[in-house]
Structures are given as C-alpha cells and as structure tokens.
Amino acid sequence: MQRFRRFLLIVLGVFLALAAIVLLGVNLYVQSQGTQTRIQQELSQRLGTPLTIRRISVTPWGGLKLSGLTIPQISGRASGNFLNAEAFRLRIRFLSLFSRRLVIKEILLVEPDVIWLQNSDGKWRLPGSTGMQRAS
C-alpha cells in the first residue's frame, strides 16, 4: 500500500510538472511577436477597426488575456481613443490558437473606458465607419 501511494504521488507530480511546462510553452508562443500580430489582426478584422494590444497571456482558468487594449478614434475631430480597456479576456477554443482561424467563444472587457462620438446629425458612429450609420 505504501508503494502504491508513493507511485501515485510520483505520477501526480510528473503530471503537474508536465502541465506547468505546457502552460509555460503556450504562454511563450502567445507572447511571440508573430502570434501577437496574428491575434491583433484577427480581432481588428472582426471588429472592423484597428486596435493595439500591449501584452497577451494565457491561463487555463482565464483563457486568453489581452492587456492594454486600445481602439483609436479615426476622426480627426477628437483626440484620444474610442476604447481603452485594462484587459480583454477571450474564451477561445484552445486548439484554434495554433490554427489559422481563431475561434472565440466569449469576450469580456475589464474596466472599459469608451468615448463614442456622434456626427453632426446626432447619429452614433463607430470608429472607422464611413458614411452614415443607423442608430439602434
């Protein structure tokens, strides 16, 4: 019985060590310049406006965390950004992180700061939008 417990403890320790190594490897992959650029371009394309991300990390319990997210005002009339957020959490399909297409299941903005401008007709418009948008 003592040997079985020792064996089980060793197997559990090896499993935890492998999990920590995999998590470290995934974080290094996500923080690489190429992957960070790909994620930034994918999100910019889906949102229809350019955005910048300061830092990316991944955790098993929190998913993908994008820190220092900003979306600039496209209009020359206003200074500052349309959106500043401390963090942007994405729940993703894990294996899609290594494929060409990123599959996002859930998005959460942490402490967003939004400055949303209106045009001269009083209609709301998104950054980067051309022409008139209908207000809902």
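The values are calculated or read from the model by the stated rules, or taken from the named source; none is laboratory data. Remember, it's a predicted structure, so these values are computed and weren't measured experimentally. Cβ placement follows ideal geometry from the backbone for every residue including glycine, while neighbour counts extend to all protein chains displayed.
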When you look at Ile56, is it in contact with a helix residue (DSSP H, G or I) (Cβ under 7 Å, 6 or more places away or on another chain) and either part of a loop (DSSP other than H, G, I, E, B) or without any contact (Cβ under 8 Å) to a residue 60 or more places away in the chain (or both), yes or no? yes
Here is a check on your reading of the model: is Ile39 surrounded by 17 or more Cβ atoms within 10 Å (Cβ to Cβ), among the β-branched types (Val, Ile, Thr) and assigned to a helix (DSSP H, G or I)? yes
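Which one is modelled with the highest pLDDT among residues in region 111-128 that are of a type in the set (A, V, I, L, M) and farther than 12 Å from Thr70 by Cα?
We begin by selecting, within region 111-128, every residue of a type in the set (A, V, I, L, M); these are 114-115, 117, 126.
This time we only want the ones that are farther than 12 Å from Thr70 by Cα, so: 117, 126.
Numbers: Leu117: 73, Leu126: 65.
Among them, the one singled out is Leu117.
One line per residue, one yes/no per condition, for (1) under 13 Å from the mean Cα position of the chain (by Cα); (2) under 30 Å from Leu117 (Cα atoms):
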position	(1), (2)
Val11	no, no
Ala17	no, no
Leu64	yes, yes
Phe82	no, yes
Arg93	yes, no
Ser96	no, no
Ser99	no, no
Leu102	yes, no
Glu106	yes, yes
Residues in region 1-45 that are under 20 Å from Arg100 (Cα atoms) and basic (Lys, Arg): how many? 1
Determine whether Thr37 is under 22 Å from Leu109 (Cβ atoms) and touching a residue at least 40 places away in the same chain (Cβ under 8 Å). no
Of everything in region 95-124, what is within 14 Å of Ile39 (Cβ to Cβ) and out of contact with any helix residue (DSSP H, G or I) (no Cβ under 6 Å at 6 or more places or on another chain)? Give them in sequence order. Ser96, Leu97, Phe98, Ser99, Arg100, Arg101, Ile104, Ile107
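Only one residue in Thr70, Thr49 is within 26 Å of Trp124 (Cβ to Cβ) and assigned to a loop (DSSP other than H, G, I, E, B), so which one is that? Explain how you work it out, then say what you get.
Working: Thr70 fails: assigned to a loop (DSSP other than H, G, I, E, B).
Matching residue, one of Thr70, Thr49: Thr49.
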Residue within region 84-103 that is surrounded by fewer than 15 Cβ atoms within 10 Å (Cβ to Cβ) and either more than 30 Å from Val22 (Cα to Cα) or of a type in the set (A, V, I, L, M) (or both) present: yes
